[in-house]
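What follows draws every value from the coordinates through simple rules; no lab data is involved. All values derive from a computational prediction rather than experimental measurement. Note that each Cβ is placed from the backbone with ideal geometry, even for glycine, and that neighbours are counted across all protein chains shown.
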Amino acid sequence: MQYSSRHLEDLVREMSRLPGIGTKTAQRLAFHLLRVPTEEAVRLARAIEQVRTGVEVCTVCGNIAESQPCRLCADERRDDSQLCVVEEPSDVVVLERTGRYNGRYHVLRGVLSPVEGVGPEQIRLPELVERVRRGGIQEVIVATNPTSAGEATAHAIRELLAGFPVRVTRIARGVPVGSDLELADQVTLTRALEGRKELE
Ligand SMILES: [Zn+2]
């Protein structure tokens, strides 16, 4: 038996299942949580619980929401004429951090992957077409990751929106090929956003 307490053992095991956290780090974090004031540790536990039980998917953009629609969709100061399409809610956070984009978002929650059986219906592409159909959007900025699946998804979007009076642009390849949007630093991403081009 490694631990004198079953609860401690449970905590270390659960934390070591998180990405990038091995047993050693999990143990260090667990002992840290035992040292800090109880309220502080409980606050973390509560935050985890709330993020799982108190959030839902925004019915408009597909982002994480506490109420319908999400904060970003409800914000009247944002520009309705621009719509940025991203793969995951975490990509919205990265783009927001650049402070250079003030339009709306559409979160696909995935990318096309015929091999894995992921078609347009599974990734909120019909919802995207519907938003464009309703009008008011002048530019759709495709910010899927520069991976082969991200590129394939970008081209599918181009085709789906071909009949609509909107510009479809793709963020520039400032983002290193094959890398995740999430890893791109703010400067690179700001440049990628500003250097976007028409998607052929
Ligand atoms: Zn939303």
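Could I get the Rg over Rh figure for the stretch 1-50? Both from C-alpha atoms, Rh via Kirkwood, rounded to two places.
Details: Rg = 11.0 Å, Rh = 11.4 Å.
A ratio of 0.97.
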Check: By what distance, in whole Å, do the Cα atoms of the stretch 69-122 stretch along each of the three principal axes, largest value first?
Finding: 40, 20, 18
Notebook entry, point to check: In what sequence do L44, L193, L8 fall when counting other Cβ within 10 Å, fewest first?
Noted result: L44, L8, L193
Check: Once the dipole of the stretch 15-93 is set up with Lys and Arg at +1 and Asp and Glu at -1 on Cβ about the Cα centre, which of F31, V92, A45 lies farthest towards its positive end?
Finding: F31
Note to self: Bin width 5 Å, origin at 0, all Cα-Cα pairs of the chain: what percent of pairs per bin?
What the structure shows: 1, 7, 13, 16, 15, 13, 10, 8, 7, 5, 3, 1, 0, 0
Note to self: Quick check on the chain: of the DSSP beta bridges with both residues there, what percent are antiparallel, nearest 5%?
What the structure shows: 30
Notebook entry, point to check: Counting alpha carbon pairs within less than 8 Å and at least 6 residues apart, what relative contact order, in whole percent, applies to the chain?
Noted result: 15
Item checked: Order of I157, I21 under a 10 Å beta carbon neighbour criterion, fewest first -> I21, I157
Checklist line | Cα Rg over Rh - the stretch 93-176, Kirkwood | finding: 0.95
Note to self: Angle check, please: helix 23-35 long axis (alpha carbons) against the longest principal axis of the chain (alpha carbons), in degrees 0 to 90, nearest 10.
What the structure shows: 70
